[in-house]
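Novice: Before we start, here is the structure in question, set down as structure tokens.
Any read-out appearing in this document is the output of simple, stated calculations on the displayed coordinates, not a laboratory observation. Because the structure is predicted, anything quoted here is derived from the model rather than measured. Quick reminder, even Gly has a Cβ in these numbers, built from the backbone with ideal geometry, and neighbours come from all protein chains shown.
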Amino acid sequence: MDPKDTIFAKIVAGTIPCKKVYEDEYCLAFHDINPVAPVHVVLIPKTPIGGIDDAQESHAETLGKMMVNVPTIAKLVGISESGYRLVVNEGLNGQQSVRWLHIHVLGGRQMNWPPG
């Protein structure tokens, strides 16, 4: 599926609402509608990137800004002190549910290891 045809494209365009946590010119973070942890935020680039395998040098600034914003997002949702996990799924076997690169920010409880 083309990333431009995904639910994330509609969220970025504002045609589907979300419970926004953070937004800037590069990215948007919002609460997941099907959380797998007490705190589950999805962080997406505003530029459509299908997945991590599709990332190119031209995406470096956007991807860097996303990572730099994670601590701010963690503070906004109250998990910066206790800790959190970042998850990026890629492709079918990686359980990527939407073909638009996204980072899951999970927290609010003790995470298990190993995760797989």
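Novice: What are the extents of the Cα atoms of the chain along their three principal axes, listed from largest to smallest and rounded to whole Å?
Specialist: 35, 30, 27
Novice: Once you've got the GNM for the chain with C-alpha springs shorter than 10 Å, pick whichever of His59, His102, His40 has the biggest mean-square fluctuation.
Specialist: The residue that fluctuates most here is His59.
Novice: Pairs Lys10/Lys75; Lys10/Lys65; Lys4/Lys65; Lys46/Lys75; Lys20/Lys75; Lys19/Lys65: which exceed 19 Å Cα-Cα?
Specialist: Lys10/Lys75; Lys10/Lys65; Lys4/Lys65; Lys46/Lys75; Lys19/Lys65
Novice: Taking the Cβ of each residue in Ile7, Ile103, Ile52, Ile33 as the centre, tally the other Cβ atoms inside 10 Å and list the residues starting with the fewest.
Specialist: Lowest to highest Cβ neighbour count: Ile33, Ile7, Ile52, Ile103.
Novice: Considering Cα pairs under 8 angstrom that are at least six residues apart, work out the relative contact order of segment 1-84 and quote it in whole percent.
Specialist: Rounded, it is 24 percent for segment 1-84.
Novice: Name the residues whose placed amide hydrogens come within less than 5 Å of the amide hydrogen of Ile49, ignoring near sequence neighbours (fewer than 5 apart) on the same chain.
Specialist: Amide H neighbours of Ile49: Leu101.
Novice: Could you work out the helix-only [θ] at 222 nm for the chain, with each DSSP H run of four or more residues adding -39,500 (n - 2.57) and the total divided by the number of residues, to the nearest 500 deg cm²/dmol?
Specialist: Calculated mean residue ellipticity at 222 nm is -6500 deg cm²/dmol.
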